[in-house]
Amino acid sequence: MHARHFIIPAAFAVTVSLAAAPPQTKSSVKPAAAPAATNPKLAQYKKDVGAEIDAMREFTQQMNDQVFSFGELGFQEIETSKYLTGILEKNGFTVERGIAGIPTAWMASWGSGKPVIALGSDIDCIPQASQKPGVAYHDPIIEGAPGHGEGHNSGMPLNITAALAVKKIMERDHLSGTIRLWPGVAEELLGSKAYYVRAGAFKDVDVALFAHVGANMNVSWGDSMSNGLVSVQYDFKGESAHSAGAPWRGRSALDAVELMDVGWNFRREHLRIQQRSHYVIPNGGDQPNVVPPNASVWYYFRETDYPHIKELWETGDTMAKAASMMAGVDLLPTKVLGSAWPQHFNKVVAETTWANIQKVGLPQWSDEDQQLAKALQKELKNPRAEGLRTKLSDGLQGPVRENTGGGSDDIGDISWNVPTVTLRYPSNIPGLPGHNWANAISMATPIAHKGVIAGAKVQAMTLLDLVSRPELVEQAWKYFKDVQTKETKYEALIRPQDTPAIWLNKATMDKYRPEMKKYYYDPSRFKNYLEQLNIKYPTVRTTAP
Ligand SMILES: [Zn+2]
């Protein structure tokens, strides 16, 4: 409740500063016939959109909590996609479902003409990350079930809020432009975006505005501290036999998996420091008394650029072949389960976004929000339990001087096809491990709700900039063509024979969904998800663990 009192004045502060000195209105004195003139009403639009988004607070919170409660893994975002597209259709968007051969993917569209701006964010969650929101220690809603331990429940609610608020203004003032909305399906598997590109989903898009949860609000341009990757499954085929009665008649596919892993771990010492590689064994056989006739190992090979990713991948393929020879089994044709280009963001769009971030600023956190954050940081033995961020980062982040590697996001593929940025918005707590139950704790609490509202305002204002200042789109493409892609040309990592790995996670969701259904958020009965789960906010330990 406190939150409302805090945030409304902040929004007014935003609108006041906008009305005060928007430099872009000066150039608007040009004659109306000038083709690339800034719309003179831009400052007013931004003011209106801030108020509009404040009025949508409850709607936004409901979307955020609803998606949190669905907790669906990559390629199985069935309820999430049904729910989000339903909202968009009710609000006048046309939705094309199943794009790029992915059942849970879609492209929603509203408006007409140029520019075409595509707003995206991921929607999948993390295995075994089920967690009660607002509770500052590990306390799953359902033990072993998936959950939003990456905060992907918040990004599309943010984009939808921004899009609907901007749509109102565009309708009112008859502005030209097309708004697209699309979900990052199976981002944790790097599973969809290269296929979107291959299917031509971004062909006529002028700018892609992506949003990803963070612990502060920022944006960057140029090469980021991250890796691209290829995700490959190696399947081996041997011969079963009685493990004790006639082991010499068997050929173990699991042997090949283990030999490949051992080989890889020896080679690891001699790989570039930027690489990250890791694997799991999705199939290691059935039971010990049967020589495993088939087995599989699944690798992520991460590197900083396309040639190095290909090189790492080739080394993996060689290891797999060698391991199959040692074990006397067959290596089946490899499966690419996902891929991602390294991310490179657009300078012009990042600068535009950063100006809006500074206008909107960070949310006002309540004592309860800070209490939850500090208690969780303490729980995780974080030496500096500093709570939530109260200051924006020092400035717009430019290209990294030396990319020493890190995570990946297949937004990279889109960023090499269309001018793109990723807006990070402050819906999570700083200092968490990532891909973990801890990262789910804030995601259906006032921390997430406030962060989403702040992010939606930035996204909406940037959208209005792009619609009202055609020269920005031109400049963004100039950077894209003359700087970003001058020497580096996009080449998909997925091979012609690869198709989206839509079977992944199905068995896990089939196992947990019936139980999870009991906990789906019901906004007709509860104001928010915390209330439905009967959680006191915040719930922190009163005694040491
Ligand atoms: Zn993510």
(Q) List the trypsin sites (Lys or Arg not before Pro) within the range 195-303 that DSSP assigns to loop and that have no more than 15 neighbouring Cβ atoms inside 10 Å. (A) LYS203, ARG272
Q. Can you give the relative contact order of the range 426-545 as a percent, counting alpha carbon pairs under 8 Å and 6+ residues apart?
A. 16
Q.
Using 5 Å bins from zero, what percent of all Cα-Cα pairs in the range 385-438 falls into each bin?
A. 4, 11, 16, 24, 24, 15, 5, 1, 0
Q | the chain - share of DSSP beta bridges that are antiparallel (%, nearest 5) | A | 65
Q: Determine the relative contact order of the range 116-159: mean sequence separation of Cα pairs under 8 Å and six or more apart, normalised by residue count, in whole percent.
A: 49
(Q) On C-alpha positions alone, give me the angle between the axis of helix 347-360 and the longest principal axis of the chain, in degrees, nearest 10. (A) 60
**Q.** Backbone N within the range 273-293 under 15 Å of label point (7 Å from ALA244 Cα along the Cβ vector)
**A.** 287-291
Q. Helix 306-327 sits at what angle to the longest principal axis of the chain, using alpha carbons and giving 0 to 90 degrees rounded to 10?
A. 20
(Q) For the range 217-233 and the range 441-518, what is the centre-to-centre distance using only Cα atoms, to the nearest Å? (A) 12
Q: Can you list which of the GluC sites (Glu not before Pro) found in the range 483-542 are DSSP loop residues with at most 15 other C-beta atoms within 10 Å?
A: GLU487, GLU491
Q.
If you scale each eigenvalue of the Cα gyration tensor by 5 and take the root, what three semi-axes come out for the chain, rounded to whole angstrom and sorted largest first?
A. 42, 28, 21
(Q) I need to check one value: relative contact order of the range 200-284, counting alpha carbon pairs closer than 8 Å and at least 6 residues apart, in percent. (A) 17
Q: Can you run the Rg to Rh ratio on the range 448-545? Use alpha carbon positions and the Kirkwood inverse-distance Rh.
A: 1.16
Q.
Please give the Cα centre distance for the range 287-320 versus the range 80-102, rounded to the nearest Å.
A. 36
Q. Are there trypsin sites (Lys or Arg not before Pro) in the range 504-542 that DSSP puts in a loop and that have at most 15 other Cβ atoms within 10 Å, and which ones?
A. LYS518, ARG525, LYS527, LYS536, ARG541
(Q) Restricting to DSSP H runs of at least four residues, report the calculated mean residue ellipticity at 222 nm for the chain, -39500 (n - 2.57) per run over all residues, nearest 500 deg cm²/dmol. (A) -12000 deg cm²/dmol
Q. Relative to the longest principal Cα axis of the chain, at what angle does helix 446-468 sit, 0 to 90 degrees, rounded to 10?
A. 70
Q.
Once you place label points 7 Å from the Cα toward the Cβ at ASP317 and GLU531, how far apart are they in nm?
A. 5.7
Q: Sticking with the crude label model, points 7 Å out along Cα→Cβ, report the distance from THR488 to LYS518 in nm, one decimal please.
A: 4.9
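Coordinate-derived values only; no laboratory data. Not measured: the values here are computed from a predicted model. Every residue, glycine among them, receives a Cβ derived from its backbone with ideal geometry; neighbour counts consider all protein chains shown.
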